[in-house]
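Have a look at the structure below before the remarks.
Readers should treat all values here as calculations from the given coordinates under stated rules, not as data from a laboratory. Just so it is clear, the structure is predicted and the values come from calculations on it, not from any experiment. All Cβ positions, glycine included, derive from the backbone under ideal geometry; neighbour counts span all protein chains shown.
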């Protein structure tokens with residue numbers, strides 16, 4: 001696809017020569033002597049470079065450049081002048097020109113300046129975005145955050161109206177991140193993503209509804225495509241070869257984030273298997289002695305009570321409580337190491353969430369915590385394991401209440417999609433949020449920031465959601481709160 005250059009000069013002879021030379025160099029040239037037509041051209045299409053004559057009447061090159069930059073802020077401009085003084089060059093660059101060239105033109109100089117301008121433009125355009133995505137990939141490793149960064153950087157670098165990152169999940173394309181304006185039609189973007197995945201290479205298709213273009217690049221992970229990065233442009237913006245290359249680069253970074261997540265899942269599966277073997281041994285070697293210790297402590301507590309030794313009785317009670325804590329840790333490890341079979345019954349998800357909220361409030365009472373229920377009343381009963389889900393959601397509710405530290409707002413919302421057969425449960429808190437490091441390790445076994453935590457709550461919650469063929473994700477910003485989302489199919493998924 002040819003790069004587009006806008007040429008504006010009130011000298012008809014120079015305009016004709018420039019149009020011929022630039023066309024011979026392989027550029028798509030729009031040449032005009034009328035500044036108003038130049039502005040109309042930039043409003044109708046995107047240009048890679050503008051060559052503007054400095055001395056024009058009634059609008060000189062400087063004012064025209066400023067007007068062009070209002071319509072296309074990153075358009076590089078080269079000023080043409082027959083008065084090539086240092087003062088002219090400095091003033092042109094100071095006011096936003098990339099470079100200047102003097103008349104009469106030397107062909108090699110013209111070619112060199114255009115090549116340098118286009119190369120520098122591309123580097124300046126892409127450097128900051130690539131750095132941002134790379135930092136997100138290196139610092140957090142959290143897939144959702146990396147994909148958000150990729151989507152935002154893609155919109156900024158390509159001037160697209162919107163970008164959506166699709167991931168393939170159980171045979172369906174699911175939007176995982178987006179940037180720019182909301183799409184008027186998800187179906188068109190999804191169809192382009194599917195086509196790019198089938199072909200295995202970036203492709204562009206005409207968006208017949210709006211006259212723009214949809215460009216999709218597959219996310220290739222290991223043996224095949226795992227999704228696609230899709231942009232949609234307006235009619236005035238025709239993606240070029242540079243845009244396709246950049247899109248492929250961003251899609252490769254998104255694919256790295258997905259691959260890293262898959263690798264972590266495999267490592268975690270191995271850790272879970274090892275933990276299961278260890279849990280069996282722990283249950284055999286520790287569980288029974290702990291029960292004996294609890295019994296002895298209870299007898300000791302009763303004897304001391306009869307003897308009237310209140311201080312010693314209190315100490316015996318603390319010993320019994322500590323033994324109970326140890327038994328609870330052993331039980332959690334055992335439960336995590338051996339995921340239970342689901343016992344699905346017709347379940348009201350909202351009733352399960354209500355019970356978790358009541359239990360959570362009872363454990364961490366506070367008058368300054370506002371609890372908001374935003375339930376989708378269209379959500380039907382479903383074949384779920386209420387007991388296991390209660391275990392998962394109670395952990396998440398308690399985490400949110402602890403993050404609020406006695407003051408703030410906890411929102412529990414549901415959103416039902418009849419077409420997909422999925423309900424999304426969202427738990428939002430306005431607490432202190434998590435650091436990048438804490439967020440990256442949120443699901444790590446035995447990782448906790450609490451003085452008395454076991455580091456198993458989040459892992460157990462995710463294992464329960466995964467058993468239901470769902471997905472649990474966490475997003476958080478320090479000092480701005482945390483959002484946990486669980487996507488649950490409302491019917492058992494056959495594998």
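Assuming 0.36 nm per residue, please report the length gained on full extension of the stretch residue 299 to residue 420 beyond their Cα-Cα distance. Spell out each step's value before the answer.
Numbers: separation 121, 0.36 × 121 = 43.56 nm, distance 5.69 nm.
Additional length available on full extension: 37.9 nm.
Counted by neighbouring Cβ atoms within 10 Å, the residues 463, 181, 234 run from fewest to most as 181, 234, 463. Taking the centroid of alpha carbons for each part, segment 24-55 and segment 356-375 are 62 Å apart. Per-residue Cβ neighbour counts within 10 Å put 33, 206 in the sequence 206, 33, beginning with the fewest.
Each of 388, 91 has some number of other Cβ atoms within 10 Å of its Cβ, and from fewest to most they run 91, 388. Given R0 = 30 Å, the distance between the Cβ atoms of residue 361 and residue 324 translates into a calculated FRET efficiency of 0.85.
With 0.36 nm allotted per residue and the present C-alpha distance subtracted, the residue 315-residue 57 stretch has 83.4 nm of extension available.
Averaged over residues, the count of other Cβ atoms within 10 Å places the peptides 101-112, 53-64 in the sequence 53-64, 101-112, highest first. Tell me whether segment 4-125 comes out rounded, prolate or oblate; compute the Cα gyration tensor, take square roots of the eigenvalues as a ≥ b ≥ c, and use a/c under 1.5 as the rounded threshold. The shape class here is rounded. Based on the alpha-carbon gyration tensor of segment 341-495 and its eigenvalue square roots a ≥ b ≥ c, which shape applies: rounded if a/c is under 1.5, prolate if not and a/b is larger than b/c, or oblate? Prolate shape, in that a/c is at least 1.5 and a/b is the bigger ratio.
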